[in-house]
Amino acid sequence: MIRVAAFIALLVAVCSGESCTDPVITPSAYTTSDAVISSESVFIVELSLTCANGAQSVTLYADVNGRQFPVTRGQDVGKYQVSWSLPHKQASSGTYQVKFFDEESYSALRKAQRNNEDVNAIEPLFSVNIDHRGAWSGPWVSTEVVAGLIGILVYYMAFSAKSTIQA
C-alpha cells in the first residue's frame, strides 16, 4: 500500500509542470512585412525564460486578443516559441500584447472563459508587446503596366518623328 501511494505521489510530481517565480525574459519577434509573396501575416515570438526558483520545464500558453496558443519548448533549456497567423486585412499595424500563462493561470483563464467571467482579472505570468508595422502589398501600379506605357510612348514618339521626316 505504501509503494502504491509513493508511486502515485511520484507520478503526480513528475507529470505536473513546474511553476516559475519571478520570470526574467529576453524576447525577440518577427512579423510579416511583405504581403506580395504571402497570403497571411505571420507572427513569431521567441524568448528565453529564466526563473528565480530554477524551474526549467515550465509549460506555457499564450493569449493574443482572446485567442490561446500553446507555446513550444525549444531544444535549449529555457527557450520557447509561439507563432500564429492572420489574414493581412485582419492583421492591422500596431502593437500586439502577447500574454503568457503557466498551467495554473491558464486553467483559471479557461475556467473564466467557460463561465463568462472577466478574463482580465487573471494575471499572466508575463507579457510581451510585439510591434507589427503592417504588410506591404506592393506598388499601386505594377511594373508591367509602367513598362507597357513607356513602350507605347516610345512607339508614338518614333512614329511621330517618322511622319515628320517623311512629310
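The values are calculated or read from the model by the stated rules, or taken from the named source; none is laboratory data. Keep in mind that this is a model prediction, so the values were computed, not measured. Using ideal geometry, Cβ is built from the backbone for each residue, glycine included, and neighbour counts are taken over all protein chains shown. Ligands, DNA and RNA are stripped out before the accessible areas are found, and what is left, the full protein with its side chains, is counted by its heavy atoms. Shrake-Rupley method; radii C 1.70, N 1.55, O 1.52, S 1.80 Å.
Quick notes
- Complete set of residues in the stretch 131-149 that are assigned to a helix (DSSP H, G or I) and of a type in the set (A, V, I, L, M, F, W, C): V145, V146, A147, L149
- Of the residues L60, L86, the single one that is open to solvent by less than 40 Å² (accessible area, probe 1.4 Å), under 26 Å from S48 (Cα atoms) and more than 13 Å from the chain's Cα centre (by Cα) is L60.
- Filtered by the rule that a residue be in contact (Cβ under 8 Å) with a residue 12 or more places away in the chain and of a type in the set (D, E), the stretch 54-90 gives a lone residue, D63.
A quick yes/no check of all residues on (1) part of a helix (DSSP H, G or I); (2) more than 19 Å from A62 (Cβ to Cβ):
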| site | (1), (2) |
| --- | --- |
| A112 | yes, no |
| E117 | no, yes |
| P124 | no, no |
| N129 | no, no |
| G151 | yes, yes |
| S163 | yes, yes |
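- Filter result for the condition that a residue is without any contact (Cβ under 8 Å) to a residue 60 or more places away in the chain, surrounded by 13 or more Cβ atoms within 10 Å (Cβ to Cβ) and more than 15 Å from E46 (Cα to Cα), over S93, S142, S105: S105
- Scan of the stretch 72-83 for residues that are out of contact with any Leu (no Cβ under 6 Å at 6 or more places or on another chain) and either at pLDDT 90 or above or open to solvent by 40 Å² or more (accessible area, probe 1.4 Å) (or both), ordered by number: T72, R73, Q75, D76, V77, K79, Q81, V82, S83
- Residue count for the stretch 85-110 satisfying the condition of being among the polar types (S, T, N, Q) and either in a loop (DSSP other than H, G, I, E, B) or at positive phi (or both): 3.
- Matching residues, the stretch 31-57, being of a type in the set (V, I, T), open to solvent by 70 Å² or more (accessible area, probe 1.4 Å) and not in a loop (DSSP other than H, G, I, E, B): T50
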